[in-house]
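Structure first, then comments.
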Amino acid sequence: MLHLADIRENKDEYIKALTKRNFDASSIFDQVISLDDKRRSTQTSLDNTLAESNKLSKEIGMMFKNGEAHKANILKERTVKLKEDSKDLQDALATTIAELDQLLYTIPNIPQDSVPAGKSEDDNEEVFRKGAIPTLDEGSLPHWELAKKYDIIDFELGNKITGAGFPVYKGKGARLQRALINYFLDKNTAAGYMEYQVPHLVNEASGFGTGQLPDKEGQMYHAGIDDLYLIPTAEVPVTNMYRDSLLEEKDLPITCTAYTPCFRREAGSYGAHVRGLNRLHQFDKVEIVRLEKSENSDAALDGMVEHVKSILDELKLPYRILRLCGGDLGFTSTLTYDFEVFSTAQDRWLEISSVSNFKTFQANRLKLRYRDADGNKQLAHTLNGSALALPRVLAGILENYQTLTGIEIPEVLIPYCGFERI
RNA sequence: AGAGAGGUGGCCGAGCGGUCGAAGGCGCACGCCUGGAAAGCGUGUAUACGCCAAAAGCGUAUCGAGGGUUCGAAUCCCUUCCUCUCUGCCA
């Protein structure tokens, strides 16, 4: 969430930037500021009341000690009113803070200057494209047909075990998936990211820290008995490792990578575009996360983009990079680049990575700070990206590398697979 | 899962109703000492919020978390989370 001091300082600028999201912040900012004023004055009154109360208590204590019980009992009566007042002020303060937070939760992050205005994904700006789109033979198939033909992914079996959106990978399909995970992790660690294995269920505080809660509660699976959430992305557990932390500037950047399955309810998704691997309730993903000092985060985002590009270059898949417009930008992000791979047999682009700079938006919730060279504490910047999300990369490989007699394996994956074609 | 013990500052550890944000030690920073270092000595060493233009300063809160008793709680009571030991179960 946004920082109160920042809102006060940059109000007009923020309002303008938020119009790119089609979000009108003017009245909400006024409410926020007036609530914050109220919070402060209430805090002051409460502090004064408590100070007086503390003072009296000390005096009473001294009196009892000096054997002046009678005087002490008289003084006690004066504390009754103070106690009532402080109780009321405490309640008022709690209410005001709750209202303030409630309001702050509804305000999305401030888009950067380079973010184009726009309503939907149609307004995203293509900034890069690479890789030849192959000309497929007559009779080429979409990946779900290929999966059946070569018996490498069984969607029906997943339906039986769990339900739609939980495919079963078999034989060379499973092996190819594992190869991709290992290849991605190797690429990421070679680039300096530290590998982690993290929990796949998180508590409420973690979901809140990275911004999934309370906004996207309905998108996560919830294990009610233990009040835990299945992770929708490794971003949640990985970033939350650093919740409530005060780092030293020399510790930064901190760079992490983790492979996890991801679980998403995808409520509201339906239709032909969710076929096959295009949209699943459970999928695998290798994620990269960076914590940066403020002045470095823009460059860090560019570095992450270059890193993901290098992976796709090695896989020799046709892809493009989009700069998301304000309307399509995630709630917590200031700038996001989506990577899409071209799915030849479906004749459409599939999102396979999303690389974002959240600046201090998550850190503010996470209480993730660092001490800079001057000894001042400031919020760290958090960034993350997929490197990469598996199913659609798999779909891209199956479709783009298909021949009438089998599916070639991208050269870079052959050592990981142990076979050259399916 | 059952029984017991416990969660205190960066770490160890005392305190078990009042002057306790909290002894003592370690660590860390600075200074003295030294040719230099070690040792020794001295000083300092939490976070958040509020008041203040700001610094200084002052106030408030924080001894796992939340609530309660009390004029007053690290200390007493309740709830909850976590850790350890023993028993049980188990990949």
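The values are calculated or read from the model by the stated rules, or taken from the named source; none is laboratory data. Everything numeric in this text was worked out from a predicted model, so none of it was measured. Don't worry about glycine lacking a Cβ; one is built from the backbone with ideal geometry, like all the others, and counts go over all protein chains shown. With ligands, DNA and RNA removed, areas are computed over all heavy atoms of the protein, side chains included. Shrake-Rupley method; radii C 1.70, N 1.55, O 1.52, S 1.80 Å.
Quick notes
- Single residue of A:Arg279, A:Arg290 found to be of a type in the set (D, E, K, R) and more than 20 Å from A:Phe342 (Cβ to Cβ): A:Arg290
- Of the listed requirements (1) open to solvent by 20 Å² or more (accessible area, probe 1.4 Å); (2) under 21 Å from A:Thr344 (Cβ atoms), A:Gly192 misses just one: (2).
- Scanning the range A:48-65 for residues that are without any contact (Cβ under 8 Å) to a residue 24 or more places away in the chain, under 17 Å from A:Leu93 (Cβ atoms) and surrounded by 13 or more Cβ atoms within 10 Å (Cβ to Cβ) turns up just one, A:Asn48.
- Filter result for A:Asp328 (out of contact with any strand residue (DSSP E or B) (no Cβ under 7 Å at 6 or more places or on another chain) and assigned to a loop (DSSP other than H, G, I, E, B)): yes
- Checked against (1) farther than 28 Å from A:Leu213 by Cα; (2) away from RNA strand B (no atom under 13 Å from the Cβ), A:Lys65 meets all criteria but (2).
- For first residues located in the range A:374-391 and farther than 19 Å from A:Leu350 by Cα and open to solvent by 30 Å² or more (accessible area, probe 1.4 Å), partners that are outside any helix (DSSP H, G or I) and among the acidic types (Asp, Glu) and lie 6+ apart or on another chain with Cβ distances below 9 Å form the pairs A:Gln378/A:Asp372.
- Some residue of the range A:233-242 being more than 16 Å from RNA strand B (Cβ to nearest atom), touching a helix residue (DSSP H, G or I) at 6+ places or on another chain (Cβ under 8 Å) and assigned to a helix (DSSP H, G or I): yes
- Contact annotation: residue pairs with Cβ atoms under 7 Å, 6 or more positions apart or on different chains, pairing a residue in the range A:232-252 that is over 12 Å from A:Arg290 (Cβ atoms) and in the same structural domain as A:Ala363 (by TED's automatic domain parsing) with a partner that is in a strand (DSSP E or B) and open to solvent by 60 Å² or more (accessible area, probe 1.4 Å), are A:Leu246/A:Arg369; A:Leu246/A:Arg371; A:Leu246/A:Lys377; A:Glu248/A:Arg371; A:Glu249/A:Arg371.
- Filter result for A:Leu398 (at pLDDT 90 or above and over 26 Å from the mean Cα position of the chain (by Cα)): yes
- All positions within the range A:113-159 that are closer than 30 Å to A:Ala17 by Cβ and of a type in the set (Val, Ile, Thr): A:Val115, A:Val127
- Meets criteria (more than 16 Å from RNA strand B (Cβ to nearest atom), surrounded by fewer than 19 Cβ atoms within 10 Å (Cβ to Cβ) and in a strand (DSSP E or B)) for A:Glu340: no
- Members of the range A:38-56 that are over 14 Å from A:Lys81 (Cβ atoms) and either β-branched (Val, Ile, Thr) or within 6 Å of RNA strand B (Cβ to nearest atom) (or both): A:Arg40, A:Thr42, A:Gln43, A:Thr44, A:Asp47, A:Ala51, A:Asn54
- Yes/no for A:Tyr370 being of a type in the set (Ser, Thr, Tyr), touching a strand residue (DSSP E or B) at 6+ places or on another chain (Cβ under 7 Å) and open to solvent by less than 10 Å² (accessible area, probe 1.4 Å): yes
- Residues that are without any contact (Cβ under 8 Å) to a residue 12 or more places away in the chain and within 11 Å of RNA strand B (Cβ to nearest atom), drawn from the range A:28-37: A:Asp37
- Residue in the range A:138-160 that is open to solvent by 20 Å² or more (accessible area, probe 1.4 Å), assigned to a helix (DSSP H, G or I), basic (Lys, Arg) and in contact (Cβ under 8 Å) with a residue 24 or more places away in the chain present: no
- Residue, most open to solvent (accessible area, probe 1.4 Å), within the range A:115-137, restricted to residues that are assigned to a strand (DSSP E or B) and of a type in the set (Lys, Arg): A:Arg129
- Residues located in the range A:343-374, provided they are away from RNA strand B (no atom under 16 Å from the Cβ), in contact with a Lys or Arg (Cβ under 8 Å, 6 or more places away or on another chain) and not charged (D, E, K, R): A:Ser343, A:Trp349, A:Leu350, A:Ile352
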